[in-house]
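The values are calculated or read from the model by the stated rules, or taken from the named source; none is laboratory data. From a predicted model like this one, the values you see are computed outputs, not experimental measurements. Neighbour counts run over all protein chains shown; Cβ positions are idealised from the backbone, glycine included.
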Amino acid sequence: MNADFRATGQTGIFISGRGIAVDSVVSDFVSGAAEWLSPAAAPQHWDVIEGQGSLFHPAYAGVTLGLVHGSQPDAMVLCHDTARTSIADYEGFAIPSYEACFEAYLAAARLTNPAARFVGVSLNTSHLDEQAATRAMAEVSKRVSLPCCDPIRHGVAAIVDRVLSH
């Protein structure tokens, strides 16, 4: 499989040596920047685009929406830190359910790519012991009928396999 990591933030750019610091792009042009960052490619080629913020974050939703519209994703992975119960720096804003996230992201993504779909869930389980982390991933996978992994602990093979099989 041929793949490129497409950095959209300072850390990603530091790691890969290239990309766009999308939080420094004028908001009118975020979608165009994301489209430029992930040009049309052969079906066998993957652009793995670094996400930013959340559609549910009061301060960063616009950046996220611009990335989703401009990158026109075929496959998305929902990322969540299981230690969080509220949105960072906005304690009054609870983390929405997985189902609410899927619904909002699919509605946004399908404006520019009607075939957009979710292929997995990535969990940050760093605050859990191995047994609790394994249990959390199994529970989420069963709940949403998608592969779920902690990429640091176990890699992303289950999600890659899902993309390749569909």
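Points worth noting:
- For segment 51-68, taking the residues that are more than 14 Å from residue 79 (Cβ to Cβ) and touching a Gly at 6+ places or on another chain (Cβ under 7 Å), the one that is surrounded by the most Cβ atoms within 10 Å (Cβ to Cβ) is identified as 63.
- Only one entry of 74, 89, 47 meets the criterion of being surrounded by fewer than 19 Cβ atoms within 10 Å (Cβ to Cβ), at pLDDT below 95 and farther than 25 Å from residue 163 by Cβ, and that entry is 89.
- Residues of segment 1-22 classified as within 16 Å of the chain's Cα centre (by Cα) and assigned to a helix (DSSP H, G or I), total: 3
- Within segment 112-132, restricting attention to residues that are among the aliphatic types (A, V, I, L, M) and either exposed (fewer than 11 other Cβ atoms within 10 Å of the Cβ) or out of contact with any strand residue (DSSP E or B) (no Cβ under 8 Å at 6 or more places or on another chain) (or both), the residue that is nearest to residue 73 (Cα to Cα) is 115.
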